[in-house]
Structure formats: structure tokens, C-alpha cells
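Read the structure below first, then the notes.
Every number here is computed from the coordinates shown, using simple stated rules; none is lab data. Being a predicted model, the structure only gives us computed values, none of them experimental. All Cβ positions, glycine included, derive from the backbone under ideal geometry; neighbour counts span all protein chains shown.
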Amino acid sequence: MNELSPAARAVLTAVTLKRYDVPPEGLPAFAEEMAPLLAAALRAAVDQVVLPALEEEFFDRNHSLPLQQMVETRRKLLAIADELEGT
């Protein structure tokens with residue numbers, strides 16, 4: 001399995017600990033199988049935070065700070081999903 005950022009590792013660890021009470025390195029095959037599924041779940045959740053269309057509009061207009069923070073949160077979560085898909 002590829003080296004993961006602390007955020008991506010925390011997502012994967014949460015699942016393996018919840019399911020088997022073992023960190024991901026204790027179940028490498030399960031972790032590799034779960035990583036893309038977790039990425040899909042993260043992407044679905046992210047769309048509930050800020051829809052992709054709003055993110056594009058963000059650059060066209062000056063929006064409020066809360067929307068800017070949501071857009072940044074979306075980007076961070078999508079980066080974690082990208083990383084999990086790359087495992």
C-alpha cells in the first residue's frame with residue numbers, strides 16, 4: 001500500500017479499527033480493498049457540503065467567507081479521496 005497522508009490514513013484506520021480492531025497494516029488486503037470504497041463515500045459526502053457547480057461559481061464572484069471555507073473543505077476531502085483511490 002502506498003504511503004498515506006495523516007488524513008487519509010486516519011480514514012482508513014477508522015474503518016479497519018471499527019471492523020477488525022486492527023490498524024490497516026495488520027490487514028493490508030482489506031485496507032487496499034476498502035480504500036477505493038472509502039474514496040467513493042467521501043466523494044458522495046463532499047457533494048453534500050458544496051456542490052461542484054458552486055465551487056466553479058466561487059471563482060466568478062466574490063462570495064462570503066463561509067462559502068470560501070466550504071470550498072476549501074471540499075478540496076481537502078477530495079484530495080483525501082484521490083489519495084485513497086491511488087492506493
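Summary table
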read-out	value
Surrounding net charge for R9, when Lys and Arg each add one and Asp and Glu each subtract one, Cβ distance under 11 Å	-3
Pairwise label distance in nanometres, R75 with A7, each label 7 Å out on the Cα-Cβ vector	1.0 nm
From phi via Karplus (6.51, -1.76, 1.60), per-residue ³J(HN,Hα) for segment 18-27 in Hz, x at Gly/Pro	5, 7, 10, 6, 9, x, x, 5, x, 9
